[in-house]
């Protein structure tokens, strides 16, 4: 009996050992990163910078364009914005574990210029992504977030104060900009890592410029609440002439930008055309029309800004008809199918099915390969510098320098958008923008300056309003940035009452996954509805 029992025990142990081997893969944490290389993980993080499909539909198209008045919302028919905020929230917090994993790996690597550059690039992408989310929601989980698969004690991360998040990210950007080494010989592991850089293709000088440019953007954003800290950062970047994205270098067009170019990265950005086609509620509004045309002539004789032809197009009869930004009772509803796929055909391009108000230009929403996802333009940096010089933020007030930066901003924006229009084409038919749309030769940056040149302003306040207007126009395909500037300055073009929409409510999923911490954040901020101002709004 004892022998039989002993044999039974041996067999059982052997079988259990075999089972553990067979289930080794199942026992591995599915949220871990046991096989993915550094480069593929980083590539996925960069790809996550693309706005999600529902974010574009329910947040950008349904809310932000209307709030910024960069366009007119002809009907508010999609009240379920939470589908968009859930996507934004999920996109960030599903990506953050990959960021934390790379941070963990990089901390174990021997110090070298290669690993330093990799750390810096990761810091910059993390900063951009985190700023985007906190500027929409306010306080968010950050310092403890993304570690759940490493530390089960952090499965329910606390919400950090937005101020603390800002200061931490700005410190990261300063470290990244200072420590990127773009003169050292390219060596492993950076050589392989850079092959997965779909933003700047491994150009370390551009990563440094992007870091300093982001420092300017977000320091200026918090200037009304933290004037001393913001001034120090702005003064450091501008006063020391640190490298930033350039639109114009004196009289030379440089037209640098931070963009994700779908075709160059091997994918088609189908989400934009989907969001416009299915939503079909956006048209050119009277607010932006008044920044493009000096008259209401439907034939377009008053248009002085060539970007009007790039951002919008005529109605079914090629007439420029804006939808009233604040429609009165009895205003005819918007008709037609301006964003339908049937237009991706040389013969059917002009068939818009009785469109009665000017829609977005079909090329910038239908070109899935050549229309980039814009993160930042060099023109924006000129406008930030112009504001700094005009107001004396971080630098001595210098009206002449402000005028120069402002003019360079207009030059850079107009030329960047016109250069882009030359690249646009429809994905199926291959029809080019220039095949269907002719921008009058008399329209250029010069014609914009004839209307909005700083010499036309009668006061510093009007000059500042000009700066904010042009920055708002340049951000036409970055409505989240225009939304931020609208809330910060209250000086972007607007009809009707002052803005009263300051944030998006937290997504409902937080009720299920992190209720206690979310409730603490709501109480600390004064509520969770759009009327509650986030930290940096004056």
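Quick one: in the range 185-198, of everything that is surrounded by 14 or more Cβ atoms within 10 Å (Cβ to Cβ) and within 15 Å of residue 111 (Cβ to Cβ), which residue is farthest from the chain's Cα centre (by Cα)?
Looking at the filtered set, the residue picked out is 189.
Name the helices (runs of 4 or more DSSP H) wholly inside the range 168-257 in which the number of residues that are closer than 20 Å to residue 102 by Cα is 1 or more. Break it down stepwise before answering.
Numbers: elements: 190-194, 204-221, 227-239.
Those helices (runs of 4 or more DSSP H) span 190-194, 204-221.
Taking the options 495, 512, 525, name whichever one is over 21 Å from the mean Cα position of the chain (by Cα), assigned by TED's automatic domain parsing to the domain that holds residue 160 and over 22 Å from residue 132 (Cα atoms). Talk me through it step by step, then tell me what you get.
Details: 495 fails: assigned by TED's automatic domain parsing to the domain that holds residue 160; 525 fails: over 22 Å from residue 132 (Cα atoms).
Selected residue: 512, the only one of 495, 512, 525 that is over 21 Å from the mean Cα position of the chain (by Cα), assigned by TED's automatic domain parsing to the domain that holds residue 160 and over 22 Å from residue 132 (Cα atoms).
On the given criteria, is residue 314 touching a strand residue (DSSP E or B) at 6+ places or on another chain (Cβ under 7 Å), at pLDDT 95 or above and within 27 Å of residue 470 (Cβ to Cβ)?
Working: touching a strand residue (DSSP E or B) at 6+ places or on another chain (Cβ under 7 Å): no; at pLDDT 95 or above: yes; within 27 Å of residue 470 (Cβ to Cβ): yes.
Answer is no for this residue.
Tell me, which helices (runs of 4 or more DSSP H) lie completely within the range 33-146 with 1 or more residues that are farther than 30 Å from residue 500 by Cβ and more than 17 Å from the chain's Cα centre (by Cα)? Lay out the reasoning, then the answer.
Numbers: elements: 38-47, 65-68, 82-108, 113-137.
Because the criterion is at least 1 residues that are farther than 30 Å from residue 500 by Cβ and more than 17 Å from the chain's Cα centre (by Cα), the helices (runs of 4 or more DSSP H) in the range 33-146 that meet it are 38-47, 82-108, 113-137.
Examine the range 394-408 for a residue that is closer than 30 Å to residue 275 by Cβ and touching a residue at least 12 places away in the same chain (Cβ under 8 Å), and state whether such a residue exists.
Start the filter on the range 394-408 by keeping residues that are closer than 30 Å to residue 275 by Cβ, which leaves none.
The answer is no; no qualifying residue exists.
Please determine, by comparing only the residues of the range 457-479 that are in contact with a helix residue (DSSP H, G or I) (Cβ under 8 Å, 6 or more places away or on another chain) and outside any helix (DSSP H, G or I), which one is surrounded by the most Cβ atoms within 10 Å (Cβ to Cβ).
Filtering the range 457-479 for residues that are in contact with a helix residue (DSSP H, G or I) (Cβ under 8 Å, 6 or more places away or on another chain) and outside any helix (DSSP H, G or I), the one surrounded by the most Cβ atoms within 10 Å (Cβ to Cβ) comes out as 475.
Return yes or no: is residue 350 over 28 Å from the mean Cα position of the chain (by Cα) and part of a helix (DSSP H, G or I)? Spell out how you get there, then give the answer.
Details: over 28 Å from the mean Cα position of the chain (by Cα): yes; part of a helix (DSSP H, G or I): no.
Considered against the rule, which asks whether it is over 28 Å from the mean Cα position of the chain (by Cα) and part of a helix (DSSP H, G or I), residue 350 comes out as no.
One residue is enough: does the range 447-456 have a residue meeting the conditions loosely packed, with under 14 Cβ neighbours inside 10 Å, in the same structural domain as residue 260 (by TED's automatic domain parsing) and more than 30 Å from residue 397 (Cβ to Cβ)?
Within the range 447-456 (the criterion being loosely packed, with under 14 Cβ neighbours inside 10 Å, in the same structural domain as residue 260 (by TED's automatic domain parsing) and more than 30 Å from residue 397 (Cβ to Cβ)), the answer is no, since none of the residues qualifies.
Quick one: count up the residues across the range 232-241 that are over 14 Å from residue 217 (Cβ atoms) and touching a helix residue (DSSP H, G or I) at 6+ places or on another chain (Cβ under 9 Å).
At the first step, the residues of the range 232-241 found to be over 14 Å from residue 217 (Cβ atoms) are 232, 235-236, 239-241.
The next check asks that each one be touching a helix residue (DSSP H, G or I) at 6+ places or on another chain (Cβ under 9 Å); those that pass are 232, 235-236.
Summing the residues that are over 14 Å from residue 217 (Cβ atoms) and touching a helix residue (DSSP H, G or I) at 6+ places or on another chain (Cβ under 9 Å) in the range 232-241 gives 3.
Anything in the range 409-442 that is surrounded by fewer than 20 Cβ atoms within 10 Å (Cβ to Cβ), part of a helix (DSSP H, G or I) and in contact with a strand residue (DSSP E or B) (Cβ under 6 Å, 6 or more places away or on another chain)? List them, or say none.
Correct list: 415 only.
Taking the conditions exactly as written (over 24 Å from residue 242 (Cβ atoms) and either buried (at least 17 other Cβ atoms within 10 Å of the Cβ) or modelled with pLDDT of 95 or more (or both)), does residue 164 satisfy them or not? Show your work before the answer.
Values: over 24 Å from residue 242 (Cβ atoms): yes; either buried (at least 17 other Cβ atoms within 10 Å of the Cβ) or modelled with pLDDT of 95 or more (or both): yes.
Yes, satisfied.
Residue 406 fails exactly one of the following numbered conditions: (1) in a helix (DSSP H, G or I); (2) buried (at least 23 other Cβ atoms within 10 Å of the Cβ); (3) in contact with a strand residue (DSSP E or B) (Cβ under 6 Å, 6 or more places away or on another chain). What is the number of that condition?
(3)
Return yes or no: is residue 371 buried (at least 19 other Cβ atoms within 10 Å of the Cβ), in contact (Cβ under 8 Å) with a residue 12 or more places away in the chain and in contact with a strand residue (DSSP E or B) (Cβ under 8 Å, 6 or more places away or on another chain)?
Working: buried (at least 19 other Cβ atoms within 10 Å of the Cβ): yes; in contact (Cβ under 8 Å) with a residue 12 or more places away in the chain: yes; in contact with a strand residue (DSSP E or B) (Cβ under 8 Å, 6 or more places away or on another chain): no.
Against the criterion (buried (at least 19 other Cβ atoms within 10 Å of the Cβ), in contact (Cβ under 8 Å) with a residue 12 or more places away in the chain and in contact with a strand residue (DSSP E or B) (Cβ under 8 Å, 6 or more places away or on another chain)), residue 371 does not qualify.
Among 219, 228, which is closer than 27 Å to residue 490 by Cβ and free of Cβ contacts under 8 Å to residues at least 24 places away in the same chain? Spell out the reasoning first.
On the way: 219 fails: free of Cβ contacts under 8 Å to residues at least 24 places away in the same chain.
Only one candidate passes the filter, namely 228.
Find the residue count for the range 392-404, including only residues that are under 26 Å from the mean Cα position of the chain (by Cα) and more than 14 Å from residue 217 (Cβ to Cβ).
Step one: list which residues in the range 392-404 are under 26 Å from the mean Cα position of the chain (by Cα), which gives 393-394, 402.
Cutting the leftovers down to more than 14 Å from residue 217 (Cβ to Cβ) gives us 402.
Residues flagged as under 26 Å from the mean Cα position of the chain (by Cα) and more than 14 Å from residue 217 (Cβ to Cβ) within the range 392-404 amount to 1.
Within the range 208-227, is there a residue that is out of contact with any helix residue (DSSP H, G or I) (no Cβ under 8 Å at 6 or more places or on another chain), surrounded by fewer than 20 Cβ atoms within 10 Å (Cβ to Cβ) and assigned by TED's automatic domain parsing to the domain that holds residue 138?
Narrowing the range 208-227 to residues out of contact with any helix residue (DSSP H, G or I) (no Cβ under 8 Å at 6 or more places or on another chain): 209, 227.
With the extra rule that they be surrounded by fewer than 20 Cβ atoms within 10 Å (Cβ to Cβ), the set shrinks to 227.
Checking which are assigned by TED's automatic domain parsing to the domain that holds residue 138 leaves us with 227.
Checked the range 208-227: at least one residue is out of contact with any helix residue (DSSP H, G or I) (no Cβ under 8 Å at 6 or more places or on another chain), surrounded by fewer than 20 Cβ atoms within 10 Å (Cβ to Cβ) and assigned by TED's automatic domain parsing to the domain that holds residue 138.
Within the range 491-512, track down each residue that is without any contact (Cβ under 8 Å) to a residue 12 or more places away in the chain and either surrounded by 12 or more Cβ atoms within 10 Å (Cβ to Cβ) or assigned to a helix (DSSP H, G or I) (or both).
Taking the range 491-512 as the starting set, the residues that turn out to be without any contact (Cβ under 8 Å) to a residue 12 or more places away in the chain are 497-498, 511-512.
Of everything in the range 491-512, those that are without any contact (Cβ under 8 Å) to a residue 12 or more places away in the chain and either surrounded by 12 or more Cβ atoms within 10 Å (Cβ to Cβ) or assigned to a helix (DSSP H, G or I) (or both) turn out to be 511, 512.
Residue 254 versus (1) closer than 29 Å to residue 179 by Cα; (2) surrounded by fewer than 16 Cβ atoms within 10 Å (Cβ to Cβ): which is the lone unmet condition?
The one condition residue 254 does not meet is (2).
The values are calculated or read from the model by the stated rules, or taken from the named source; none is laboratory data. The structure displayed is predicted, hence computed values, not measured ones. Glycine also receives a Cβ, built like all others from the backbone with ideal geometry; neighbour counts cover every protein chain displayed.
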